[in-house]
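The structure under discussion appears below in the form of structure tokens.
Every number in this text was worked out from the coordinates using simple rules, so none of it is lab data. Owing to the predicted nature of the structure, the values given are computational and were not obtained by experimental measurement. A quick note on method: Cβ atoms are made from the backbone with ideal geometry, for glycine too, and the neighbour counts reach across all protein chains shown.
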Amino acid sequence: MPKRYTIREVPDAGGKIDYEKALNPRQAEAVLHGEGPLLVVAGAGTGKTRTLIYRVARLVELGHSPASVLLLTFTRRASEEMLRRAALLLDRRCEKVSGGTFHAFANTLLRRYAGAAGFGGNFTILDRADSADLIGLVRQEVHGGHKTVRFPKKETLADLFSRAANREEEIATAVEKEAPHFLYCLDDILRIARLYEETKRERNLMDYDDLLLRLAALLRESESIRRAVSETYRHVLVDEYQD
Ligand SMILES: Nc1ncnc2c1ncn2[C@@H]1O[C@H](COP(=O)(O)OP(=O)(O)OP(=O)(O)O)[C@@H](O)[C@H]1O
Ligand SMILES: [Mg+2]
């Protein structure tokens, strides 16, 4: 098989950042990695975040448009801090890198593509407390005012529904694993879950899990949106992937 070579621009010799000096060999390898996926697995405090900051600067230094680089992290503060540090390494272009939390990113895309996905772009987001309150209302409908000691509280139900959503497993499985003592009222729990889903749809509400799951579904189902998104964000960097 003949070898294929691709010619591409590199920054001026001796660009602004001395990667070999600032990073250890494995970090430099990750930062200088070319195209394609790369997963870095390393222990706490070994310099994973530092590596990502240098990678952001590297991509911008190579001439990639900052908006085409997407940095996803656990908290908004973490992402702003990383972009600020990348800007110190290189220049202010790094501050224009796209990014934020997974939920914020999902929110932005869902609002943009809501029409195509068949729901209103003016949806309201339920935080964890709102979500538990709505579950509480539905619970009241299903369970009435019985003061049964062993019927799950709204927070417990919210946790169970969220665990099931996050692990993409059945609610029955979550109950079995996390709260088997409530299996005796599984039918009521499932009715509450169904009503909760219906109410959210009717009232154009999304809880935090919906943001992630609906974006994932949208990207799975719509080829044109998937293509548009992957053409916009050419480089996706994720810190704290395990979370
Ligand atoms: N090659 C290096 N040279 C000098 N300092 C380094 C190097 N690598 C990491 N550090 C420093 O070590 C500290 C920990 O690095 P960093 O926060 O990037 O690690 P991490 O793997 O992301 O940690 P955590 O698991 O807590 O997220 C930071 O202060 C960072 O600047
Ligand atoms: Mg880190």
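Which of the lysines could a cross-linker bridge to Lys16, judged by Cα under 26 Å and excluding same-chain residues fewer than eight apart?
Those lysines meeting the cut-off are Lys48, Lys96.
Pick out, from Gly115, Ser222, Ser79, the residue whose Cα sits farthest towards the positive end of the charge dipole of the chain, with +1 on the Cβ of Lys and Arg and -1 on the Cβ of Asp and Glu.
Farthest towards the positive pole: Ser79.
Stretched out fully, how many nm does the piece from Val41 to Ala216 gain, at 0.36 nm a residue minus the Cα gap? The partial results should precede the final answer.
Working: separation 175, 0.36 × 175 = 63.00 nm, distance 2.42 nm.
Result: 60.6 nm gained on full extension.
Would you please classify the overall shape of the stretch 45-106 from the alpha carbon gyration tensor, given that a ≥ b ≥ c denote the square roots of the eigenvalues, rounded means a/c under 1.5, and beyond that prolate means a/b larger than b/c while oblate covers the rest?
Values: a/c = 1.79, a/b = 1.18, b/c = 1.52.
Judged from the Cα gyration tensor, the stretch 45-106 comes out oblate (a/c at least 1.5, b/c at or above a/b).
I'd like to compare 66-73, 210-217, 41-48: which one has the highest average count of other Cβ atoms within 10 Å, and what's the full order after that? Mind showing how you got there, number by number?
On the way: 66-73: 19.9, 210-217: 17.8, 41-48: 11.0.
Those peptides, ordered most packed to least, come out 66-73, 210-217, 41-48.
For the stretch 124-203, just run the numbers: alpha carbon Rg, then divide by 2.2 N^0.38 Å, N being how many residues it has.
Values: Rg = 11.9 Å, N = 80, 2.2 N^0.38 = 11.6 Å.
That ratio works out to 1.02.
Using the basic label-point model (7 angstrom from Cα toward the beta carbon), what is the Glu240 to Leu190 distance in nanometres?
The two pseudo-label positions are separated by 3.6 nm.
About the Cα centre, and with charges only on the beta carbon of Lys, Arg (+1) and Asp, Glu (-1), how big is the dipole of the chain? Nearest 20 debye, please.
Values: 38 positive and 36 negative charges, 125 e Å.
So the dipole magnitude of the chain works out to roughly 600 debye.
Could you give the dipole magnitude of the stretch 120-217 about its Cα centre, charging the beta-carbon of Lys and Arg +1 and that of Asp and Glu -1, in debye to the nearest 20? Before the final figure, lay out the partial values.
On the way: 15 positive and 19 negative charges, 47 e Å.
So the magnitude is around 220 debye.
In whole Hz and in residue order, list the ³J(HN,Hα) couplings for the stretch 76-86 that follow from phi through the Karplus curve 6.51 cos²θ - 1.76 cosθ + 1.60, θ = phi - 60°; x for Gly and Pro.
4, 4, 4, 6, 4, 4, 5, 5, 5, 6, 5
Can you tell me which lysines have their Cα less than 21 Å from the Cα of Lys200? Leave out same-chain residues fewer than eight positions away.
Counting by Cα, and skipping residues close in sequence, Lys200 has these lysines nearby: Lys153, Lys154.
Net charge around Glu197, counting only other residues with Cβ within less than 13 Å of its Cβ (Lys, Arg = +1; Asp, Glu = -1)?
Details: positive: Arg191, Arg194, Lys200, Arg201, Arg203, Arg214; negative: Glu198, Glu202, Asp207, Asp209, Asp210.
Spelling it out: positives minus negatives among the neighbours equals +1.
Using +1 at the Cβ of each Lys and Arg and -1 at the Cβ of each Asp and Glu in the chain, identify which of Thr46, Gly63, Leu205 lies farthest towards the dipole's positive end.
It is Gly63.
Which of the three applies to the stretch 22-63, rounded, prolate or oblate, going by the alpha-carbon gyration tensor with a ≥ b ≥ c and a/c under 1.5 meaning rounded? All intermediate terms of the calculation are to be shown ahead of the outcome.
Details: a/c = 1.98, a/b = 1.50, b/c = 1.32.
Because a/c hits 1.5 or more and a/b exceeds b/c, the stretch 22-63 counts as prolate.
Starting at the first residue of the stretch 200-214, write each ³J(HN,Hα) from the Karplus equation 6.51 cos²θ - 1.76 cosθ + 1.60 with θ = phi - 60°, in whole Hz, x for Gly and Pro.
Working through the residues one at a time gives 4, 5, 4, 9, 6, 10, 10, 8, 4, 5, 4, 3, 6, 5, 6 Hz.
Can you give the Kirkwood hydrodynamic radius of the chain from its Cα pairs, in Å with one decimal?
Values: mean 1/r = 0.0476 Å⁻¹.
After inverting the pairwise mean of 1/r, the radius is 21.0 Å.
I'd like the FRET efficiency for Ala116 and Leu62, computed as 1/(1 + (r/R0)^6) with the beta carbon distance as r and R0 of 30 Å, rounded to 0.05. Can you show the working numbers first?
Numbers: r = 33 Å, r/R0 = 1.09.
Computed FRET efficiency for Ala116 and Leu62: 0.35.
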